[in-house]
1. All but one of (1) modelled with pLDDT of 95 or more; (2) over 17 Å from the mean Cα position of the chain (by Cα) hold for residue 128, so report the exception by its number.
2. Of all residues in segment 41-96, which are in contact (Cβ under 8 Å) with a residue 24 or more places away in the chain and among the β-branched types (Val, Ile, Thr)?
3. Working carefully through the options 150, 158, 178, 138, find the one that is charged (D, E, K, R) and under 26 Å from residue 37 (Cα atoms).
4. For the structure I just gave you, tell me whether residue 220 is modelled with pLDDT under 95 and among the small types (Gly, Ala, Ser).
5. For segment 170-246, which fully contained helices (runs of 4 or more DSSP H) count at least 3 residues that are of a type in the set (S, T, N, Q)?
6. Give the residues of segment 227-278 that are of a type in the set (Gly, Ala, Ser), more than 30 Å from residue 48 (Cα to Cα) and buried (at least 19 other Cβ atoms within 10 Å of the Cβ), sorted by residue number.
7. Scan (1) in a helix (DSSP H, G or I); (2) at pLDDT 85 or above; (3) over 18 Å from the mean Cα position of the chain (by Cα) for the single condition residue 54 breaks and write down its number.
8. Mind checking which pairs have a first residue in segment 207-218 that is within 19 Å of residue 231 (Cβ to Cβ) and a second that is among the hydrophobic types (A, V, I, L, M, F, W, C), Cβ under 7 Å, 6 or more apart or different chains?
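The values are calculated or read from the model by the stated rules, or taken from the named source; none is laboratory data. This one's a predicted model, so the numbers in the text were calculated from it and none came from an experiment. All Cβ positions, even for glycine, are placed from backbone atoms using ideal geometry, and neighbour counts span all protein chains on display. Ligands, DNA and RNA are excluded from the accessible area calculation, which covers all protein heavy atoms including side chains. Shrake-Rupley method; radii C 1.70, N 1.55, O 1.52, S 1.80 Å.
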Amino acid sequence: MTVPSTSESSEGRGADRIDTTVVHPARRYNYWLGGKDNFAVDRESGDQIAAVYPGVRTLARENRAFLGRAVRFLTEEAGIRQFLDVGTGIPSADNTHEVAQSVAPESRVVYVDNDPMVLVHARALLTSDPAGATAYLDADLRDPEKILADPQLHTTLDLSQPVGLVLIAVTHFLTDDDRPHEHVSRLLDALPSGSWLALTHFTTDHIPNQIVERMYAEFASGRMKQDAVPRDRAEFARFFTGLELAEPGIVPVTEWRPQVPPEQRPALADASIYGAVARKP
């Protein structure tokens, strides 16, 4: 069955909180993916970033494709039937429950996001196969205790059984002061042995130095707002401390179990975002 997770007024409550004058990363990401759930400020910000780093639209598409491959791997090969997707973003094609339930209709998914625009569109995330279930929590990765205490989480998922924790392009929006590694670890601590983590994170490791220097010059001038914190491979690897990495380990998302030959993949500079999937022993 589908577990209802938003009240009849959820769309109204979300709309009441939307500020169309302030850029929001989820709406900007939606714009880069070719979606329509964004505003002028989001498109302006997206175009500013693309002018400095032209690969950003490719990065967004490849990151989304990684989500599909990772969820399919967890469902088909790892046998996961429960997912906690934090930092869900605005619904698009091939959402977590759609990919998982295409393999195993009984799959159950809890989505978590703190963006009011996502709340407005949450009904699109609740179109579960009757054999499974989906739910939506209006919460923030920076408050894992709120996520873990929510009754809907426990109504939808059985935390005594393995869970796939999905964190796609969300941790790079947390500064070091936000303690992203600590929050991810707290969520993993609440999940049993046999659970998995799928995570992607923006990096400048593969972007030419001249583009990186221009990017930071734009941030310093105030012409472009910095809301994402790139981290290098070592910082990304810390999220997987104590976990067992699935092959091919920590790689750019285009290199994680790709479905196309090397010559058809974009250059690493155009999709500079790490991805990995790992099991909790």
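1. So residue 128 meets the others, but not (1).
2. Correct list: 49, 52, 56, 58, 71, 75, 80, 86, 88, 90, 96.
3. Just a single option satisfies the conditions, and that option is 138.
4. Details: modelled with pLDDT under 95: yes; among the small types (Gly, Ala, Ser): yes.
Here the answer is yes, as residue 220 does meet what is asked.
5. In segment 170-246, 209-221 are the helices (runs of 4 or more DSSP H) which contain 3 or more residues that are of a type in the set (S, T, N, Q).
6. Passing the criteria: 246, 278.
7. (1)
8. If the second residue must be among the hydrophobic types (A, V, I, L, M, F, W, C), the pairs left are 207/269; 208/269; 211/52; 215/52.
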